[in-house]
Structure formats: structure tokens, C-alpha cells
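What follows is a short report on a single structure.
What follows is calculated from the coordinates using simple rules that are stated; it is not laboratory data. Model, not experiment: these values are computed from the prediction. With ideal geometry, Cβ positions are generated from the backbone for all residues, glycine too; neighbour counts draw on all protein chains shown.
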Ligand SMILES: Cc1ncc(COP(=O)(O)O)c(C=O)c1O
């Protein structure tokens with residue numbers, strides 16, 4: 001009998017991938033499935049980025065690179081951060097990794113010790129809690145409230161910090177809610193954090209360029225008071241429609257870079273070389289693609305929120321960033337898990353139950369707007385028809 005390490009039993013999952021597999025299986029059986037489940041842009045990677053990778057392969061970039069990424073890529077990231085956020089970042093503190101998730105993994109491995117607590121947003125990206133549970137630290141949920149437009153609350157955060165807190169994970173613009181924490185609240189948050197100088201902060205800003213209504217994304221990297229303990233998580237997946245290329249980056253406090261480098265060397269050696277050259281093309285090339293994709297997400301989120309709000313029992317906050325809507329479905333009489341399951345199996349619409357993003361996602365579902373407006377219109381039509389024709393299933397029946 002194989003004896004697996006016990007902590008593996010505490011590792012969670014990302015149900016969006018399970019729903020994707022089920023949606024694909026149903027589609028393969030000939031069912032017409034509209035997928036609003038998975039969180040990846042429905043656009044192809046812009047051609048000039050693809051070409052840069054092809055050229056890199058033709059030019060012979062076939063070998064290992066430095067563990068933290070090639071210098072020109074880290075310089076390009078630094079220039080991009082200067083341009084977008086007006087911050088100076090030493091390229092030697094930028095660590096390029098295979099996807100945004102890896103920075104998360106490393107941060108939790110570094111700060112997740114026995115006796116420590118790590119604060120994470122609930123509802124939030126499911127991997128935060130999964131990793132904290134896997135580590136010896138205790139997960140402490142920070143409630144993200146619908147009535148607050150799904151923004152972080154500095155006061156609420158302050159009430160969760162204790163002397164045992166080693167790391168706080170913040171995410172704006174947010175998955176799964178589409179919430180954006182406004183600059184005034186971020187400033188308040190920073191003032192709170194100044195009272196706890198030994199706490200590290202993981203700022204997941206992977207949707208930082210996808211905001212609407214002229215809202216400015218305030219980055220935690222912009223505050224010198226906490227700069228020596230902020231880990232910025234960002235990457236190419238969402239901004240440049242590059243989820244399958246597997247590349248992201250972290251900006252780390254200088255004192256931690258060598259440990260991150262060691263983790264990278266032990267884990268994956270480096271990100272594949274051609275992808276790194278593609279990453280340079282993405283950052284240094286024309287940015288119209290980012291604006292065009294964001295404009296499409298903008299149009300879709302307005303439609304989704306309006307159309308969902310017209311369905312009896314549904315209530316949807318207008319998302320301010322990212323590409324998700326997180327409607328409250330408790331007024332329909334359905335439990336969110338039963339509803340998500342029935343929508344996929346019976347109505348042919350893949351969505352994710354709010355509780356897949358934490359206990360506080362109870363009564364909500366997540367819809368991704370990474371699908372065409374035409375498909376979204378059909379999907380929301382199906383959801384409305386389904387709800388008007390079916391009695392709610394028995395609670396907790398799935
Ligand atoms: C909030 C958040 N952070 C990080 C990631 C991970 O991104 P990547 O696919 O680059 O690992 C995701 C992906 O959905 C996300 O939603």
C-alpha cells in the first residue's frame with residue numbers, strides 16, 4: 001500500500017477545470033453547451049506574440065535560461081511597470097515563472113509555517129485557500145461583501161490580522177466577483193498594514209489591466225511604506241490571452257529573491273525559452289489588443305448584469321474589472337451548487353457555483369464573460385427560461 005504524505009489530503013482543487021471537462025464531454029456527445037465556466041479570454045494570442053515565439057525557436061533559443069528568467073524579459077517587465085504604474089522596479093527582483101499561480105505557490109510555501117495564519121479573500125480564487133491548507137499555516141478568510149461592490153474593506157482586514165499573521169493575500173480586480181478595490185480604500189489598507197510591519201502581502205493583480213468605467217487600478221506596489229514586503233503577482237495569461245503558454249511573474253522583496261530562485265531551480269528550472277521571447281513581444285509590441293479585449297469584456301459585462309437583473313430572483317452587481325459576473329441567486333430558491341449542476345446538465349450552460357470560491361460564495365454563481373456576446377445572450381436566455389420553467393431542486397441535493 002503506497003503511503004502518501006498526509007498533508008496532500010488537505011490540498012484543494014479548482015472546480016472550473018472539472019466543469020470544463022464535463023462541458024467538453026457533453027459537447028462531444030453532441031450537446032450544445034455554452035461555456036461560461038472557465039476563466040480564460042476567448043481570443044487567440046495576438047499574432048505578433050505568436051510570431052516572436054516561432055522566431056525564437058528558429059533562432060535557436062532551445063536551452064535552459066536563468067532560473068528567474070532572461071534579462072531582456074525582466075527588463076521589459078520593469079519598463080512596463082514604470083510605464084503603467086509609475087514605479088521603479090529593479091529587474092533583478094522580478095522572477096518569471098510558469099504562470100501566475102507559481103508566485104502564489106512560492107509565497108505560501110515561504111510564509112506558511114506552523115502557528116502562522118494567512119489571510120485570504122472569501123470568496124476568492126480557490127487556489128489561495130487550497131495552498132494555505134496544504135501548508136502548516138491556518139487559513140483565515142476575509143469576507144468580500146456584495147454590498148461593498150465586492151471591494152476589500154480595510155477595516156475588515158484589520159479585524160482579521162493577529163500577531164500570528166504571516167501573509168495577507170489581496171486580489172484586485174478580483175476573481176470570481178469582478179470587484180475592484182478603489183484607490184481610497186487601498187490607501188486606507190496601506191495605513192492599516194503600516195501597523196503590522198512584519199506581515200508580508202501578496203498582491204494578486206493579474207487582472208490589473210482589465211478595469212471599466214475609467215476606474216484606475218491602484219497597485220500595492222505603488223506604496224513605498226510597504227514596498228519592502230509586497231510580492232506582486234502578475235503575468236501574461238489574462239492580459240494577452242496567453243493562458244496556455246504558462247508564464248507569469250512576481251516582483252519580490254529583494255531579501256527574498258534568492259529563496260525564490262532556489263524554489264524555481266528545485267521546481268521547474270526556468271520557463272520555456274521561446275515563451276519568454278514571446279513575453280517581450282507582448283510587453284513591447286502594440287497594446288491595441290489589450291484595449292480591444294477589454295472593450296469586448298466591458299460590453300459583455302454590462303449586458304450580463306442587465307440581463308441577469310431582469311431575471312426574477314437574480315441580483316447582479318455590475319462588475320468593475322476582470323471578466324466575471326457574480327450574481328446572487330438566493331432569491332431564485334435554488335442552492336448555488338444544485339443550480340450550477342442543473343444549468344450545465346439540463347440547460348447546457350456551464351457556470352461555477354459560488355461555493356467553489358469559498359464558503360462565503362454561498363448563494364452566488366460565477367459567469368465568465370470570456371465568450372462571444374451572441375453566446376452570452378443565448379446563455380442568459382437559457383438561464384431565464386430554465387428558472388421560469390423549473391421548481392428549485394431539493395436543497396443540497398448535489
Ligand atoms: C486571481 C487569479 N490569480 C492567478 C491566476 C492564475 O493565472 P495563471 O493561469 O497565469 O497561472 C488566476 C487564473 O484564473 C486568477 O484568476
Review point. Based on the alpha-carbon gyration tensor of the stretch 229-314 and its eigenvalue square roots a ≥ b ≥ c, which shape applies: rounded if a/c is under 1.5, prolate if not and a/b is larger than b/c, or oblate?
Key: prolate
Review point. If you take the square roots of the eigenvalues of the alpha-carbon gyration tensor of the stretch 61-218 and sort them as a ≥ b ≥ c, do you get rounded (a/c under 1.5), prolate (a/b over b/c) or oblate?
Key: oblate
Exercise for review: Report, in degrees rounded to the nearest 10, the 0 to 90 angle that the Cα long axis of helix 100-111 makes with the longest principal axis of the chain.
Suggested key: 70 degrees
Revision key, fill the gap. Counting only backbone N atoms under 18 Å from a point 7 Å out along Cα-to-Cβ of residue 198, the residues of the stretch 116-152 in range are 116-119, 137-138
Revision key, fill the gap. Cα extents of the stretch 248-398 per principal axis, largest first, Å, are 57, 35, 25
Point to revise | Cα-based helix-to-principal-axis angle, 373-389 vs the chain, degrees rounded to 10 | key: 40 degrees
**Study point:** Listed peptides 194-202, 272-280 by packing density, highest first (mean Cβ within 10 Å)
**Key:** 272-280, 194-202
Check your understanding: Extent of the stretch 28-73 along each principal axis, from alpha carbon coordinates, in Å, largest to smallest?
Key -> 46, 23, 20
Check your understanding: For the chain, what is the convex hull volume of the alpha-carbon atoms per residue, in Å³?
Key -> 159 Å³
Review point. Once both labels are modelled 7 Å past Cα along the beta-carbon direction, what's the residue 26-residue 55 spacing in nm?
Key: 4.4 nm
Review point. In whole Å and largest first, what semi-axes does the C-alpha gyration tensor of the stretch 212-256 yield when each eigenvalue is scaled by 5 and square-rooted?
Key: 23, 18, 4
Check your understanding: Per the helix-only calculation at 222 nm, which mean residue ellipticity applies to the chain, given -39500 (n - 2.57) for every DSSP H run of n ≥ 4 and division by its residues, nearest 500 deg cm²/dmol?
Key -> -12000 deg cm²/dmol
Check your understanding: Going from the alpha-carbon gyration tensor of the stretch 159-267, what semi-axes, largest first and in whole Å, does one get by taking the root of 5 times each eigenvalue?
Key -> 22, 22, 11
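From the Cα gyration tensor of the stretch 1-137, with a ≥ b ≥ c the square roots of its eigenvalues, which class applies: rounded if a/c is under 1.5, or else prolate if a/b is larger than b/c, or else oblate?
oblate
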Review point. Taking neighbour Cβ counts within 10 Å as the exposure measure, how do 96, 140 sort from fewest upward?
Key: 140, 96
Practice item. Would you mind pulling out the separation of the Cα centroids of the stretch 1-36 and the stretch 206-263, in Å? Key: 27 Å
Check your understanding: Which order do 217, 83, 268 fall in if you start with the one that has the fewest other Cβ atoms within 10 Å?
Key -> 83, 268, 217
Practice item. Pull up the DSSP beta bridges for the chain and report the antiparallel fraction as a percent, rounded to 5. Key: 45 percent
Study note, to complete from the structure: Helix 288-309: inclination vs the chain longest Cα principal axis, degrees, rounded to 10, gives 30 degrees
